[in-house]
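Computed from the coordinates by the stated procedures, all read-outs in this text should not be read as laboratory data. A quick note: this is a predicted structure, and the numbers were derived from the prediction, not measured. Cβ atoms come from the backbone with ideal geometry, glycine included; neighbour counts cover every protein chain shown.
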Amino acid sequence: MFAIVGIDHVVLRTTKLPEMLNFYCEVLGCKIERETELALGLTQLRAGNALIDLVNVDSELGRLGGGAPTQSENNLDHFCLQLQPISEDDIKQHLIGRGIEVGKFEDRYGAQGFGFSIYIKDPEGNTVELKSQSNLQKRVMA
């Protein structure tokens, strides 16, 4: 079994990046921590010990989530849970033993820097990313 220690990040899809940046940075006090190339379309904002990722829906990442968010269409791409230290094998064994489909771990950037994480789906089809603290800080911020 593993234990969650916090939310690492949430990913919001948007058609209004300037307005979202103004809201989260100017109104709520977040700071831009990292931006990817325009084609990928990811801007990461520091929110305390977590990140809020803004993804332009017209970008490479944004198109993966379908159409633009509306009153009836969701804009949440996924959320990431930080786990207490546990090996990748133990995480996979735990999930597989409970009938959860698992893929491979990949190196991704989150609130604690780069580290290996895995995506799974909840019963409603929401994507949940799991990242073990033992896998965090594999390398310094790029």
*Modelled label-to-label distance, Glu26 and Arg98, 7 Å Cα→beta-carbon offset: nm?*
4.3 nm
*Would you please name the GluC sites (Glu not before Pro) within the stretch 13-76 that are DSSP coil residues with at most 12 other C-beta atoms within 10 Å of their C-beta?*
Glu37, Glu73
_Just to be sure I understand: with springs between alpha-carbon atoms less than 10 Å apart, which residue in Val102, Val55, Val11 has the highest mean-square fluctuation in the Gaussian network model of the chain?_
Val102
*asked:* Starting from the 7 Å offset along Cα-to-Cβ, what nm value, one decimal, do you get for the label separation of Ile120 and Ala68?
replied: 3.6 nm
*Just the C-alpha atoms of the stretch 36-111: what Rg/Rh do they give, with Rh taken as the Kirkwood radius?*
1.03
*Which percentage, to the nearest 5, of the DSSP beta bridges contained in the chain is antiparallel?*
70 percent
*Signed unit charges on C-beta, dipole axis of the chain, positive-most listed residue Leu42, Ala68, Leu83*: Leu83
*Could you give the spread of the C-alpha atoms of the stretch 1-78 along their three principal axes, from largest to smallest, in whole angstroms?*
35, 33, 27
*Roughly what would the spin-label model give for His78 and Asp90, points 7 Å off Cα along C-beta, in nm?*
2.2 nm
*222 nm [θ] for the chain, helices only, -39500 (n - 2.57) per DSSP H run of 4+, per residue, to 500?*
-3000 deg cm²/dmol
*Label selected from (i) 15.9; (ii) 16.9; (iii) 14.5, the criterion being Kirkwood radius over Cα pairs in Å as computed here*: (i)
